[in-house]
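For reference, the structure is listed below as structure tokens.
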Amino acid sequence: MSFGLPSLKVKPEHVSNIQVHEGPFGIPDPLVAGVGATKLKIGTTHPLEHSEKNYHLNEEKMDMAMLRNIQGLHAPMKLTMEMKFASKVGRLPFLPSSNLQHDVLTGRHLDIGFEDILNTRDLCEVAGQPHAVVERSLGLL
């Protein structure tokens, strides 16, 4: 029985044969290819990695699909417009934005993550003169 919801099963984006040049012990040599290049050649480490990277996007798609099935087309369209307007809120370049409206619309204001604790403004290393930052964003500098 299908309700028109997206599938929960993880589908790989692309399938290809990966050619890895192995070292003497049967694993890629990071001293030759580099650590970053070696990881790209190996591919994903776990089947859930792709799903976890797109967790919020998949959750939003499922919520919109359920909302459309329950309330009709107007409800997801209204929420999509509100999220689009919330993402376009303009601030001066030197003022940080908390994106509170977008977080409230998506329900992320209830979650406490690493970015809430470790990404505070008082620990920010980027501080500039407001006039210079605005002039640079306008292309005057």
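A compact table of results
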| read-out | value |
| --- | --- |
| Solvent exposure of region 50-137 as accessible area per residue, Å², 1.4 Å probe | 85 Å² |
| Relative contact order (%) - region 44-141, alpha-carbon pairs under 8 angstrom, separation at least six | 21 percent |
| Shape call, region 49-125: gyration tensor on alpha carbons, a/c limit 1.5 | oblate |
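The values are calculated or read from the model by the stated rules, or taken from the named source; none is laboratory data. For clarity, every value in this text was computed on a predicted model and none was experimentally measured. To get the accessible areas, we keep the full protein, side chains included, count just its heavy atoms, and leave off ligands, DNA and RNA. Shrake-Rupley method; radii C 1.70, N 1.55, O 1.52, S 1.80 Å.
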